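> Before I ask anything, here is the structure I am working with.
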Amino acid sequence: MSEENFISDEELVKRKLEHLILCSTDKVAFKQKTTGFELYDFVHCAVPPIDIDEINLNADFFGFNSNYPFFISCMTGGTSDLTNINLQLAEAASELNIPLGLGSQRYALGSEEFYSHFEKIKETACDVPIIGNIGAAQIAEGKYFTQILKLIEYSGVNAFAIHLNPAQELFQVKGDTNFENFYKNLEDLVEKANVPFIAKEVGSGISAPVIKNLLDCGVEGIDVAGAGGTSWTAVEILRNGEPEDQEFWDWGLPTVYCINQAIKIKVQRDFMLTGSGGINTAFDIAKALALGCDFTASARIILRALNESGTQGVINFVNRLFKDVKRIMYLTGATSLTDFNTSKLIKKEEFYK
Ligand SMILES: Cc1cc2nc3c(=O)[nH]c(=O)nc-3n(C[C@H](O)[C@H](O)[C@H](O)COP(=O)(O)O)c2cc1C
């Protein structure tokens, strides 16, 4: 990182607060580009083979039996000002018995004083897995190698997510745009760390060649975080006060495109695929699962539920989503998550051929 790109802890916290404020609104949604889920509908089964209560939604998250194939996606790392959000989300995740993703823990690389925040989060989350988080740019930089390993160990996370966000960094003032040594450093880190790694985007999606490279580095989970939900170029464009008709606002690969690319790779390689990026409804979740995702995740919609109705609001929201996912599975004649596959989906254009 060059001198002029140096960012202090105070600036990091201020930046995160601005992100949280902007993401509490719909202003940061993609404008024209959509996830692609709207292109599909479900194949109705007029005689479902099992009763709805027999459908089990439990899913394996690196050895943890999650109540739903869903985790709360990474939003805040939990500096002192922001710990509260993570504590509320940890309480919700614990009650729901689903994993919780933390936002970037970058601020904790320089100082161990922050570890107590993670202890509190872990305590509140009880037994549900916590996913740690750092940016690809920090990995590319190389100099944090030891600190990242220490962070993983001391914060007691059960999996570690690397966020890939070149479009956001490009538009962010003091953004880190140098990813040159990323793959090599990632491979070394994955080898040394004792938790599974997940590579995620933040809303621009991951293409097939990049997925393959990440898997070659030993990453065990891919979270596509595709376009159609929260636009992180939009977040930075708004922070910069740039014109809102900026064409980069809608930059990225739609979530469904990324899922379908990843599914082709999944035929040959074993990894946990998470569908995310604009997963806002039960229908989005169900379509991602039927396309072949092992897990799904949402960020901004969860933040909104939290802002509107607190921890209980998040719990109710996620339970409602999965009540409807179960209804969809029942009405398509799916007997289990494994049985809920592309045969239950139809491209809408097929209806009127
Ligand atoms: C307020 C907010 C903060 C975020 N911060 C992070 C972060 O620190 N690290 C990260 O990997 N992703 C971060 N994200 C990105 C999300 O994890 C997610 O990939 C992205 O927003 C797309 O999902 P969505 O359409 O459901 O919001 C953040 C998202 C939101 C809404």
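The values are calculated or read from the model by the stated rules, or taken from the named source; none is laboratory data. Since we're looking at a predicted model, the values are computed, not measured. FYI the Cβ positions are ideal-geometry reconstructions off the backbone, even for glycines, and counts take in every protein chain you see.
> Need the failing condition index for I206 against (1) in contact with an Asp or Glu (Cβ under 7 Å, 6 or more places away or on another chain); (2) closer than 17 Å to F30 by Cβ, just the number.
Checking I206 against (1) in contact with an Asp or Glu (Cβ under 7 Å, 6 or more places away or on another chain); (2) closer than 17 Å to F30 by Cβ, the one that fails is (1).
> Restricting attention to region 300-321, and to residues there that are of a type in the set (K, R) and in contact (Cβ under 8 Å) with a residue 40 or more places away in the chain, which single residue is surrounded by the fewest Cβ atoms within 10 Å (Cβ to Cβ)?
R304
> If you go through region 62-77 one residue at a time, do you hit one that is in a loop (DSSP other than H, G, I, E, B) and without any contact (Cβ under 8 Å) to a residue 24 or more places away in the chain?
There is at least one residue in region 62-77 that is in a loop (DSSP other than H, G, I, E, B) and without any contact (Cβ under 8 Å) to a residue 24 or more places away in the chain.
> While we're on this one: Scanning region 206-229 for residues that are within 12 Å of the ligand (Cβ to nearest atom) and outside any loop (DSSP other than H, G, I, E, B), which turns out nearest to G277 (Cα to Cα)?
Selected residue: A227.
> Additional query: Can you work out which of the residues in region 114-155 that are within 17 Å of the chain's Cα centre (by Cα) and of a type in the set (G, A, S) is surrounded by the fewest Cβ atoms within 10 Å (Cβ to Cβ)?
Only one residue fits best here, namely G135.
> Of the residues in region 91-133, how many are in a loop (DSSP other than H, G, I, E, B) and in contact with a Gly (Cβ under 9 Å, 6 or more places away or on another chain)?
Summing the residues that are in a loop (DSSP other than H, G, I, E, B) and in contact with a Gly (Cβ under 9 Å, 6 or more places away or on another chain) in region 91-133 gives 5.
> I need every pair where a residue in region 197-225 that is without any contact (Cβ under 8 Å) to a residue 40 or more places away in the chain has its Cβ under 6 Å from the Cβ of a residue that is among the aromatic types (F, W, Y) and away from the ligand (no atom under 16 Å from the Cβ), sequence separation at least 6 or different chains.
Taking only residues 6 or more apart or on different chains, the pairs are N213/Y183; C217/Y183.
> OK, next. List pairs: first residue in region 324-353 and at positive phi, second residue surrounded by 19 or more Cβ atoms within 10 Å (Cβ to Cβ) and at pLDDT 95 or above anywhere in the structure, Cβ distance under 9 angstrom, at least six positions apart or on different chains.
G333/K344
> On to the next question. Please report, ordered by residue number, the strands (runs of 3 or more DSSP E) entirely within region 245-353 with at least 2 residues that are modelled with pLDDT of 95 or more, in contact with a Phe, Trp or Tyr (Cβ under 9 Å, 6 or more places away or on another chain) and small (G, A, S).
Once the strands (runs of 3 or more DSSP E) in region 245-353 are filtered for at least 2 residues that are modelled with pLDDT of 95 or more, in contact with a Phe, Trp or Tyr (Cβ under 9 Å, 6 or more places away or on another chain) and small (G, A, S), what remains is 272-276, 295-298.
> Then there is this: S111 - would you say it is farther than 22 Å from V202 by Cβ, surrounded by fewer than 21 Cβ atoms within 10 Å (Cβ to Cβ), at pLDDT below 95 and of a type in the set (G, A, S)?
It is true that S111 is farther than 22 Å from V202 by Cβ, surrounded by fewer than 21 Cβ atoms within 10 Å (Cβ to Cβ), at pLDDT below 95 and of a type in the set (G, A, S).
> While we're here: Could you give every pair whose Cβ atoms fall below 6 Å, whose first residue belongs to region 264-285 and is in contact (Cβ under 8 Å) with a residue 40 or more places away in the chain, and whose second residue is acidic (D, E), counting only separations of at least 6 or pairs across chains?
Within 6 Å, the pairs are F271/E220; M272/D294; L273/D294; T274/D223; S276/D223; A282/D324.
> Looking at region 1-54 only, could you name the residues that are aliphatic (A, V, I, L, M), away from the ligand (no atom under 16 Å from the Cβ) and surrounded by 14 or more Cβ atoms within 10 Å (Cβ to Cβ)?
M1, L39, V43, I50
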